[in-house]
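The values are calculated or read from the model by the stated rules, or taken from the named source; none is laboratory data. Please read all numbers here as calculations on a predicted model, not as lab measurements. Here the Cβ positions follow ideal geometry from the backbone for every residue, glycine too, while neighbour counts run over all protein chains shown.
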DNA sequence: ATAATACCTATAGAAGCTGGAGGAAAAGAT
DNA sequence: ATCTTTTCCTCCAGCTTCTATAGGTATTAT
Ligand SMILES: [Zn+2]
Ligand SMILES: [Zn+2]
Ligand SMILES: [Zn+2]
Ligand SMILES: [Zn+2]
């Protein structure tokens with residue numbers, strides 16, 4: 001039996017976050033000690049580790065909820081789980097694809113200013129004028 | 001004189017967002033018509049375009065507030081503005097650097113599952129086991 | 001004059017936590 | 001057994017940047 005603090009140290013998930021996951025229904029309501037404190041078992045630790053790992057990979061709470069639901073049906077086909085992962089890969093690729101043009105524009109903007117007076121600042125002029133940009137964004 | 005709807009169409013910023021920027025102090029409180037409706041002039045449109053462009057490049061409201069403040073002092077050196085842009089470039093690069101390992105892991109995870117039963121699903125096993133990952137994240 | 005459109009304020013919700021207040025329980029020291 | 005410290009409890013507010021109602025008023029077009 002683990003206290004919430006021990007579970008927190010074991011998984012790297014902060015205590016208020018564990019309570020939040022319980023409130024969101026990702027973690028079942030924990031058993032309680034006589035004095036109303038949460039007590040966990042190793043299955044809880046595994047479930048929370050799964051959640052943390054999925055969160056670290058950027059899955060939303062909703063996606064994780066579905067993945068956990070699917071885990072409970074060992075004999076069903078896994079296409080739904082696979083599809084959620086594919087979708088997450090697309091989301092990550094999409095974020096990168098949106099950040100790269102920003103990186104390019106910011107490189108241009110920061111590289112061109114000679115650090116003179118505000119009224120001649122290339123940074124401020126670029127922000128005022130999207131026409132100076134090389135890409136849409 | 002522009003109504004808030006016209007300003008919205010001219011800049012691509014939604015009406016509630018314009019009101020929100022006023023509340024946050026990014027836009028000055030607009031003049032009002034006899035019937036208490038906001039009226040804008042072309043300087044307001046330029047300021048809002050600046051804000052939108054900076055937001056599109058990922059600058060935070062706080063950073064934009066500072067950039068706008070600096071714009072008001074044409075004869076001062078622009079190093080502070082330049083520094084804010086450099087910082088933003090770092091933030092964008094940092095985000096990309098954090099997303100790339102996620103992309104790699106998700107590529108591996110999605111490529112390896114044969115779509116059989118849940119109990120053998122490589123996606124779910126990978127999420128349960130960070131040891132299967134090739135990178136930290 | 002009437003109808004349609006655009007505007008107003010105030011408030012809540014989204015996503016995923018994080019931190020604080022005020023108080024109770026558990027654990028270690030004496 | 002008592003004292004002190006640490007850990008835990010619940011409830012609630014705040015972060016960030018909007019976005020979307022709801023209920024009501026102003027402006028414009030016919
Ligand atoms: Zn400059
Ligand atoms: Zn641009
Ligand atoms: Zn699978
Ligand atoms: Zn991993």
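Just one of the listed residues (A:34, A:25, A:12, A:58) is within 9 Å of DNA strand C (Cβ to nearest atom) and on the phi > 0 side of the Ramachandran plot, namely A:58.
Considering the range B:39-137, the qualifying helices (runs of 4 or more DSSP H), each wholly inside and each with 2 or more residues that are without any contact (Cβ under 8 Å) to a residue 60 or more places away in the chain and under 30 Å from residue B:2 (Cα atoms), run over B:42-56, B:61-71.
Residue selection: residue A:17 fails the criterion of being more than 16 Å from ligand 4 (Cβ to nearest atom) and either crowded, with 19+ Cβ neighbours inside 10 Å or closer than 25 Å to residue B:119 by Cα (or both). Only a single item in (1) more than 22 Å from residue A:108 (Cα to Cα); (2) without any contact (Cβ under 8 Å) to a residue 40 or more places away in the chain; (3) more than 12 Å from DNA strand D (Cβ to nearest atom); (4) within 14 Å of another protein chain (Cβ to nearest Cβ) is not met by residue B:13, and it is number (3).
For the range B:21-47, the tally of residues that are within 28 Å of residue A:122 (Cα to Cα), surrounded by 14 or more Cβ atoms within 10 Å (Cβ to Cβ) and more than 11 Å from chain A (Cβ to nearest Cβ) stands at 7.
Summed over the range A:93-112, residues that are within 16 Å of ligand 1 (Cβ to nearest atom) and either at the interface with another protein chain (Cβ under 9 Å from one of its Cβ atoms) or in contact with a helix residue (DSSP H, G or I) (Cβ under 7 Å, 6 or more places away or on another chain) (or both) total 6.
Scanning the range A:55-75 for residues that are more than 18 Å from residue B:108 (Cβ to Cβ), surrounded by 15 or more Cβ atoms within 10 Å (Cβ to Cβ) and within 8 Å of another protein chain (Cβ to nearest Cβ) gives A:70, A:71.
Scanning the range A:76-89 for any residue that is out of contact with any strand residue (DSSP E or B) (no Cβ under 6 Å at 6 or more places or on another chain), buried (at least 17 other Cβ atoms within 10 Å of the Cβ) and over 15 Å from residue B:121 (Cβ atoms) turns up at least one such residue. With respect to residue A:115, determine if the residue is in contact with a helix residue (DSSP H, G or I) (Cβ under 6 Å, 6 or more places away or on another chain), at pLDDT below 95 and on the phi > 0 side of the Ramachandran plot. Yes, satisfied.
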